[in-house]
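The values are calculated or read from the model by the stated rules, or taken from the named source; none is laboratory data. What you see is a predicted model; the values in this text were computed from it and never measured. For neighbour counting, all protein chains shown are included, and Cβ atoms are generated from backbone atoms with ideal geometry for every residue, glycine included.
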Amino acid sequence: MNRITADINTPLNSDRTALARFNIMGSTQNGFQDAGKQKALGFAGSLLFKPNDRTTVSFDADVNVPEKTLLAYIRSTEKLSYGTMDKVPLPYHRALLSDDITTSRANMNISTELEYKLSERWVSRTSYQFNQSGDKESIFFVPTYLNDNQILRRYRIFDRYNMTYNSLQQNFIGDYFLGKIKNTMVVGADYSLYNNTDQSMSPAFLTFDTVGITDPFWQPISRADIEKSRAAQSSGDSYNRTGYKNLSTYLSNVTNISDQLFVMLSLSLNHYMNNDSYSFTPNKDPKKAIGKTVEGYEQTSLSPKFGLVYQPIKGQLSIFANYMNSFKNMASSQGLPSDEDLSLEPVIMNWKPEQANQYELGAKGEFFNGKINTSLSYYNIDVTNTLRLVAEGVSVQDGKLRSRGVEFDLIANPIKGWNIILGYGYNDNKYIKSIESNMNKRKNWAPKNVANIWTSYKFLNGSLEGFGLGAGLNYVDKVYLDVQEVFAVPSYTVINATAFYDKPKYRLGIKLNNLGDIKYWDFYGKPQKPFEILANLSFKF
């Protein structure tokens, strides 16, 4: 791996009312497998202007252009009898794809904000955000297990993909008093537009070949090979166009009932306007090609939030409780109003928003003059209005999912130069109402336990001033790749360490990743890096 970066931070005038910062990045990486190279270029810039004491204007932009092979998660693991990924005799250092087939994707973000001080207690913030991402001729590899001994090397091609998002937001933030009781209020509105178009191969997935898991070699794949395979099997290009507009208004108020008791009330009103969507599905017989328009729809939702914070020990210990509602607007699809009569003809349903209701209770502490900061919380999330399949391609909207858990974190600085970061999370989730095979089962790709610890020490004086050491580990529990809990990625613990020498004009560092050189896989069954050494040299001007 090679990476070079530059960070330039400078005033643009003598009174420092105009500031600029620019970051430039370039990297290349071959990966640890026999295929899977990556490279990337990136640029980010920020400008800040203060034309007077009341006004601040900022501009931010970043462009990132990665190029890499695209490998989706492995499908059909439920067909395997191995039980866990570490027992599958799939060569760890061999890739199922080829470096000849990479995809370049451009991502661009632009934002600007105008902050104006209306009075001593009130501020106006007006902001605009723009995001665009897209690619051309991208090829996703989608390996699919056929049985214990064979894998289908499948692929999916997007000839053109483009997504744009625009958001305009206005906020007023300020303090006011009801008698002697202080209140802090945020009131605002947000208008956003989203558009997505894609032109892709049809059918969505095609098979290039079938390989044996233990074969001594797999045929290399070139882009030309993929094009030949596509020409022989594909019926043409499909096309999809979707989009929406969204207008939301919101108000949030925090009341200081006393210097130890705070109450927060919040309410947002959201009006969602789904555009007409269009899709085209080709066929080798042009007369059987299908073009379809689904009429757009509008829906309005209210989302409340309540919170309470009490400080039994002011400035040191806080106990909090909150309730929050959130929602997700759903795309139209074929379905039925209920499962009472499955003989009814399915129709295009404009589904209600999926709802999530979260309750949380916890405590935060800051002790020994800020040397120890810690928090502990318990949460319960009930998700309703999820879609539940009742027949192939036909859904009803009565699904339910529950997620409960505990989160703990601690940041400590026992003595100057010594830092400790500790985190732990436990999550128990299950389908309350779903298809029969999922009932009371855990959601896939979700570990029950995750934990991390990192400690570092930097000498602040003496002959070793600037020298530092650090070490830590990350633990992730076993994760099932299928809801039926047939096949899992085993738990793992990865140990990392670092050493560095930090001076005012330069910094030299070395990072040791996966010290135990263990074999482990991510949530989706992809092998992760073995032992790795990274060296870093930075100059400061």
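Just one of the listed residues (Asp175, Asp190, Asp215) is within 30 Å of Glu115 (Cβ to Cβ), acidic (Asp, Glu) and over 32 Å from the mean Cα position of the chain (by Cα), namely Asp175.
Residues considered: Tyr165, Tyr161, Tyr176. Of these, the only one that is buried (at least 17 other Cβ atoms within 10 Å of the Cβ) and not aliphatic (A, V, I, L, M) is Tyr161. Counting only strands (runs of 3 or more DSSP E) that fall entirely inside region 343-427 and contain at least 2 residues that are hydroxyl-bearing (Ser, Thr, Tyr) and more than 23 Å from Lys441 (Cβ to Cβ), the qualifying elements are 372-391. Whether any residue in region 3-23 is loosely packed, with under 14 Cβ neighbours inside 10 Å, part of a strand (DSSP E or B) and among the charged types (D, E, K, R) is what I want to check. Looking for residues that are loosely packed, with under 14 Cβ neighbours inside 10 Å, part of a strand (DSSP E or B) and among the charged types (D, E, K, R), one finds at least one in region 3-23, hence yes.
A quick yes/no check of all residues on (1) more than 20 Å from the chain's Cα centre (by Cα); (2) within 15 Å of Thr144 (Cβ to Cβ):
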| residue | (1), (2) |
| --- | --- |
| Glu67 | no, no |
| Ala72 | no, yes |
| Arg75 | yes, yes |
| Ser81 | yes, no |
| Val88 | yes, yes |
| Arg94 | yes, no |
| Ser98 | yes, no |
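The condition of being among the β-branched types (Val, Ile, Thr), outside any strand (DSSP E or B) and closer than 21 Å to Tyr475 by Cα holds for only one of Ile518, Ile533, that being Ile518. Among (1) surrounded by 15 or more Cβ atoms within 10 Å (Cβ to Cβ); (2) at pLDDT 95 or above, where does Gln260 come up short? If we test Gln260 against (1) surrounded by 15 or more Cβ atoms within 10 Å (Cβ to Cβ); (2) at pLDDT 95 or above, just (1) comes out false. Regarding Ser98, is this residue farther than 14 Å from Gly525 by Cα, surrounded by fewer than 17 Cβ atoms within 10 Å (Cβ to Cβ) and not aromatic (Phe, Trp, Tyr)? So Ser98 fails the test.
Any residue at all in region 71-94 that's touching a residue at least 40 places away in the same chain (Cβ under 8 Å), within 29 Å of Asn166 (Cα to Cα) and assigned to a strand (DSSP E or B)? Within region 71-94, not a single residue is touching a residue at least 40 places away in the same chain (Cβ under 8 Å), within 29 Å of Asn166 (Cα to Cα) and assigned to a strand (DSSP E or B). With respect to the stated conditions, Gln316 fails to be under 26 Å from the mean Cα position of the chain (by Cα) and under 30 Å from Ile421 (Cα atoms).
Got at least one residue in region 153-168 being among the aliphatic types (A, V, I, L, M), under 30 Å from Glu120 (Cα atoms), modelled with pLDDT of 95 or more and not in a loop (DSSP other than H, G, I, E, B)? There is at least one residue in region 153-168 that is among the aliphatic types (A, V, I, L, M), under 30 Å from Glu120 (Cα atoms), modelled with pLDDT of 95 or more and not in a loop (DSSP other than H, G, I, E, B). Tell me which residues, restricted to region 213-241, are among the small types (Gly, Ala, Ser) and assigned to a loop (DSSP other than H, G, I, E, B). Residues satisfying the conditions are Ser222, Ser234, Ser235.
Just one of the listed residues (Leu473, Leu464, Leu508) is assigned to a loop (DSSP other than H, G, I, E, B) and aliphatic (A, V, I, L, M), namely Leu464.
Within region 340-375, the residues that satisfy the criterion of being β-branched (Val, Ile, Thr) and either surrounded by 14 or more Cβ atoms within 10 Å (Cβ to Cβ) or touching a residue at least 40 places away in the same chain (Cβ under 8 Å) (or both) are Ile348, Ile372, Thr374. Scan region 216-230 for residues that are surrounded by fewer than 16 Cβ atoms within 10 Å (Cβ to Cβ) and farther than 14 Å from Leu152 by Cα and jot them down. Passing the criteria: Pro216, Phe217, Pro220, Ser222, Arg223, Ala224, Glu227, Lys228, Arg230. State whether one or more residues within region 275-284 are farther than 30 Å from Gln233 by Cα and either modelled with pLDDT under 95 or surrounded by 15 or more Cβ atoms within 10 Å (Cβ to Cβ) (or both). Yes: one or more hits. Kindly check whether there is at least one residue in region 486-504 that is in contact with a Ser or Thr (Cβ under 9 Å, 6 or more places away or on another chain), farther than 30 Å from Tyr73 by Cβ and hydroxyl-bearing (Ser, Thr, Tyr). Yes, region 486-504 contains at least one residue that is in contact with a Ser or Thr (Cβ under 9 Å, 6 or more places away or on another chain), farther than 30 Å from Tyr73 by Cβ and hydroxyl-bearing (Ser, Thr, Tyr).
Among the residues in region 47-57, are any surrounded by 16 or more Cβ atoms within 10 Å (Cβ to Cβ) and under 25 Å from the mean Cα position of the chain (by Cα)? No - not one qualifying residue is present in region 47-57. A Cβ distance below 8 Å, combined with a sequence gap of six or more or placement on separate chains, defines the contacts here; from region 475-492, residues that are free of Cβ contacts under 8 Å to residues at least 60 places away in the same chain and on the phi > 0 side of the Ramachandran plot reach residues that are in a loop (DSSP other than H, G, I, E, B) and surrounded by fewer than 21 Cβ atoms within 10 Å (Cβ to Cβ) in the pairs Glu485/Lys441; Glu485/Arg442. The residues of region 415-432 that are of a type in the set (Lys, Arg) and either surrounded by fewer than 16 Cβ atoms within 10 Å (Cβ to Cβ) or in contact with a Phe, Trp or Tyr (Cβ under 6 Å, 6 or more places away or on another chain) (or both) amount to a single one, Lys416. Selection of region 248-296 for residues being free of Cβ contacts under 8 Å to residues at least 60 places away in the same chain, part of a strand (DSSP E or B) and either more than 31 Å from the chain's Cα centre (by Cα) or closer than 30 Å to Ile319 by Cα (or both) yields Leu261, Phe262, Val263, Met264, Leu265, Ser266, Leu267, Ser268, Leu269, Ile290, Gly291, Lys292.
Got at least one residue in region 495-504 being part of a strand (DSSP E or B) and under 29 Å from Asn440 (Cβ atoms)? Scanning region 495-504, I find no residue that is part of a strand (DSSP E or B) and under 29 Å from Asn440 (Cβ atoms), so the answer is no. Summed over region 259-294, the residues that are within 23 Å of Asp198 (Cα to Cα) and aliphatic (A, V, I, L, M) give a count of 4.
In the set (1) under 24 Å from the mean Cα position of the chain (by Cα); (2) not aromatic (Phe, Trp, Tyr); (3) not in a strand (DSSP E or B), Arg105 fails one condition alone, (3). Consider region 298-342 and keep the residues that are among the aliphatic types (A, V, I, L, M) and part of a loop (DSSP other than H, G, I, E, B). The one that is nearest to Lys364 (Cα to Cα) is Met330. When residues in region 142-194 are screened for being within 30 Å of Arg230 (Cα to Cα) and polar (S, T, N, Q), 6 of them pass.
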